[in-house]
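The values are calculated or read from the model by the stated rules, or taken from the named source; none is laboratory data. Because the structure is a prediction, the values reported are computed rather than measured. With ideal geometry, Cβ positions are generated from the backbone for all residues, glycine too; neighbour counts draw on all protein chains shown.
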Amino acid sequence: MDAKTNIKYLMDKSGMNPTSLATALEKMFPDEVRVPQATIFRIVEGITKDPRTSSLAPIAKFFNVTLSDLRSKDLRGHESSQPVAANDEQISIAAINYYAAKGSCGGGAHNEDAEPKGQLIKELGFFKKYGVKPENLAAIYADGSSMADFIVDGDMVIIDQTKTEPQSGKIFAIQHPDGLRIKQLRREIDGTWVLESRNPDKRTYPDERITPENVGLLKIIGRFVYRQGG
């Protein structure tokens with residue numbers, strides 16, 4: 001195992017790329033040697049064969065591993081290899097757990113064996129903008145095209161797991177008997193809830209009506225906060 005492979009693994013586990021890692025390093029360690037995006041890119045692409053200690057040390061510190069381990073140990077499955085905790089004065093980022101689960105924007109996706117896959121790094125300004133707390137959030141992948149005017153197949157969808165009361169006009173991740181779905185809810189006068197598909201092709205992606213007596217079959221996992229390309 002080498003630094004190139006370990007850094008690739010740690011970035012993937014944390015939902016990062018060379019650009020976001022470089023930004024996080026600069027904010028967390030402003031007094032240390034700057035590690036630009038181009039340097040990280042050259043390391044993970046194998047262009048730089050023997051990275052300098054000054055480049056690797058901040059990366060090792062960020063992921064909470066030793067420099068020696070980053071250079072030579074197989075860090076896959078290494079429990080300590082998570083971005084280090086930091087207070088607001090040190091760094092303005094926080095992490096969201098993301099999962100191997102897929103929320104169907106279609107007919108339903110089964111996720112019985114879904115497990116945490118890593119962490120998605122966001123600046124604290126993101127949480128302030130949307131009025132959410134990182135510990136309440138989770139990210140899953142969208143699967144399908146029923147929400148395609150807004151959420152497309154492969155997008156990563158962030159949900160607030162504390163928002164589980166249905167609201168008309170809002171998008172939710174819903175545990176449906178047929179699997180996990182991402183749908184917009186609409187309540188009709190008679191109490192029926194409609195799981196709306198935003199794709200205009202209603203023949204392929206029809207809305208689904210849940211009558212009042214069957215509402216108990218649905219479990220809201222969380223309300224939509226944000227989407228980003230997968």
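Observations
- Subset of segment 1-52 (residues that are acidic (Asp, Glu) and part of a loop (DSSP other than H, G, I, E, B)): ASP2, ASP31, GLU32, GLU45, ASP50
- Filter pass, GLY169 being more than 30 Å from ASN17 (Cα to Cα) and not polar (S, T, N, Q): yes
Per-residue answers, yes or no, for (1) surrounded by fewer than 14 Cβ atoms within 10 Å (Cβ to Cβ); (2) more than 15 Å from the chain's Cα centre (by Cα); (3) charged (D, E, K, R):
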| position | (1), (2), (3) |
| --- | --- |
| SER146 | no, yes, no |
| VAL157 | no, no, no |
| PRO166 | no, yes, no |
| TYR205 | no, yes, no |
| GLU208 | no, yes, yes |
| LYS219 | yes, yes, yes |
| GLN228 | yes, no, no |
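- The residue list VAL194, VAL132 contains one member that is in contact with an Asp or Glu (Cβ under 8 Å, 6 or more places away or on another chain), modelled with pLDDT of 90 or more and surrounded by fewer than 18 Cβ atoms within 10 Å (Cβ to Cβ), which is VAL194.
- Entirely in segment 155-230, the strands (runs of 3 or more DSSP E) that have 1 or more residues that are free of Cβ contacts under 8 Å to residues at least 40 places away in the same chain, under 30 Å from ALA95 (Cβ atoms) and not hydrophobic (A, V, I, L, M, F, W, C): 179-187
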